[in-house]
Amino acid sequence: MATTVVYKDLPSETMTEVSRFINRVGNTSVIPSKFTGEDIHADLIRNLIKVQHIHRGRVTTIVTVKPYVCNAYNTLHGGAVGAIAEIVAIACARTVVNKDKELFLGELSVDYLAAAVNEAEVIVDASVVRSGRNLTVVTIEFKLKDSNKLIYLCRATLYNMPVPSL
């Protein structure tokens, strides 16, 4: 079991405040039992995503924010935003990239402009910006369904790798 190392020159008040902060922002919601197995994290996120439209170079989905993906402020956790963005970006890229190429995420940037609260419905709209032989760039916009307010803006760079033949 790991122990916490505290440097001698660190004031005890600082250590106390850091511990309180970490405990305060921890997520206390219970993850549904159907999502507690090994390698289940992707299913946990995919369960939130409902596909609305699929066109060449464009995918639109609806995400309903659930308590198990909220942070201590009762808003969609930043890690969940990134996971949703990755899944939707790969799905969008698949509409233009041949099946004989494997896709993997090389870079993902996320701008957090506002927040989606628990039980909010969010429109996630992905569009291919560029697709070439070696990479595909996708933008992903997250907007609140009721107000159309832009809350997160993402850009994913996906690398296209030919599947090796054995």
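Overview of values
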{"item": "Some residue of segment 86-109 being touching a residue at least 40 places away in the same chain (Cβ under 8 Å), in contact with a helix residue (DSSP H, G or I) (Cβ under 7 Å, 6 or more places away or on another chain) and under 17 Å from K50 (Cβ atoms)", "result": "yes"}
{"item": "Single unsatisfied condition, P164 versus (1) over 16 Å from Q52 (Cα atoms); (2) out of contact with any Cys (no Cβ under 8 Å at 6 or more places or on another chain); (3) at pLDDT 95 or above", "result": "(3)"}
{"item": "From V122, V97, residue being crowded, with 16+ Cβ neighbours inside 10 Å and under 15 Å from the mean Cα position of the chain (by Cα)", "result": "V122"}
{"item": "Residue selected from segment 104-118 under the condition within 18 Å of R94 (Cβ to Cβ) and aliphatic (A, V, I, L, M), by the criterion nearest to the chain's Cα centre (by Cα)", "result": "L108"}
{"item": "Answer from V137, V63, V81 - the residue that is in contact with a Lys or Arg (Cβ under 6 Å, 6 or more places away or on another chain), buried (at least 17 other Cβ atoms within 10 Å of the Cβ) and either modelled with pLDDT of 95 or more or charged (D, E, K, R) (or both)", "result": "V137"}
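The values are calculated or read from the model by the stated rules, or taken from the named source; none is laboratory data. Computed from a prediction, not measured in an experiment: that's the story for all the values here. For neighbour counting, all protein chains shown are included, and Cβ atoms are generated from backbone atoms with ideal geometry for every residue, glycine included.
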